[in-house]
1. Of 139, 79, which residue is touching a helix residue (DSSP H, G or I) at 6+ places or on another chain (Cβ under 7 Å), part of a strand (DSSP E or B) and buried (at least 18 other Cβ atoms within 10 Å of the Cβ)?
2. Of everything in region 87-102 that's part of a strand (DSSP E or B) and touching a residue at least 60 places away in the same chain (Cβ under 8 Å), which residue is farthest from residue 46 (Cα to Cα)?
3. Can you tell me which residues in region 133-159 are over 17 Å from residue 193 (Cβ atoms), touching a strand residue (DSSP E or B) at 6+ places or on another chain (Cβ under 7 Å) and at pLDDT below 95?
4. Would you mind stating whether residue 184 is within 28 Å of residue 50 (Cα to Cα) and at pLDDT 95 or above?
5. Condition (residue is closer than 30 Å to residue 72 by Cβ and assigned to a strand (DSSP E or B)) applied to region 180-188: is it met by at least one residue?
6. Here is a check on your reading of the model: is residue 34 surrounded by fewer than 10 Cβ atoms within 10 Å (Cβ to Cβ) and either modelled with pLDDT of 95 or more or in contact with a strand residue (DSSP E or B) (Cβ under 7 Å, 6 or more places away or on another chain) (or both)?
7. Out of the residues in region 189-201 that are part of a loop (DSSP other than H, G, I, E, B) and out of contact with any helix residue (DSSP H, G or I) (no Cβ under 7 Å at 6 or more places or on another chain), state the one that is nearest to residue 90 (Cα to Cα).
8. I'd like to check something: does region 106-115 contain any residue that is surrounded by fewer than 23 Cβ atoms within 10 Å (Cβ to Cβ), touching a strand residue (DSSP E or B) at 6+ places or on another chain (Cβ under 9 Å) and over 27 Å from residue 160 (Cα atoms)?
């Protein structure tokens, strides 16, 4: 009787060990989306991949890695990421969603970034270099003649394509023409910063009844 009991316990422990090993090797489920559209206003277009056509974006659209959003002079939208980071895409802006340490690529217009504090740096690609942050609030403005970065909270590093790096801290800005040495960051002008951080600034065709994206 005692031998049978020992045998039963031994077999049960073997099955428990096998089950625990299996659980240890199981992979955590991965999301099939990288960002979600929130509060789109005006004309906001999205595409799922570079091979598909743009179509009107709507509340709750899930964007996979490689998807992109494009606004015209009447549109803006928020993109929410799984880690609660938030990107507000301003009018006349193009933003491609990526994954991993690179959250996206902004190739035109203005976008406001609120990055949730994290252990690894989160990067945003631009035509003239790459920004990297651990958790902060900043704005990127891209024009034909260069890229400017304006930090509201925290700290941002900008790396140009030639490998040179500058660090921009709270209430500082950096304007880079895309060639030559990186300039030193300067203290932001409060009036100019207020204008840049306001998606309505400079866009008279925006619907005055839309909700200002303050959050």
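1. After applying the criteria, what remains is 139.
2. Taking the candidates together, the pick is 88.
3. Within region 133-159, 133, 146 qualify.
4. Numbers: within 28 Å of residue 50 (Cα to Cα): no; at pLDDT 95 or above: yes.
Spelling it out, it is not the case that residue 184 is within 28 Å of residue 50 (Cα to Cα) and at pLDDT 95 or above.
5. no
6. Numbers: surrounded by fewer than 10 Cβ atoms within 10 Å (Cβ to Cβ): no; either modelled with pLDDT of 95 or more or in contact with a strand residue (DSSP E or B) (Cβ under 7 Å, 6 or more places away or on another chain) (or both): yes.
Against the criterion (surrounded by fewer than 10 Cβ atoms within 10 Å (Cβ to Cβ) and either modelled with pLDDT of 95 or more or in contact with a strand residue (DSSP E or B) (Cβ under 7 Å, 6 or more places away or on another chain) (or both)), residue 34 does not qualify.
7. The qualifying residue nearest to residue 90 (Cα to Cα) is 199.
8. Looking for residues that are surrounded by fewer than 23 Cβ atoms within 10 Å (Cβ to Cβ), touching a strand residue (DSSP E or B) at 6+ places or on another chain (Cβ under 9 Å) and over 27 Å from residue 160 (Cα atoms), one finds none in region 106-115, hence no.
The values are calculated or read from the model by the stated rules, or taken from the named source; none is laboratory data. Since we're looking at a predicted model, the values are computed, not measured. With ideal geometry, Cβ positions are generated from the backbone for all residues, glycine too; neighbour counts draw on all protein chains shown.
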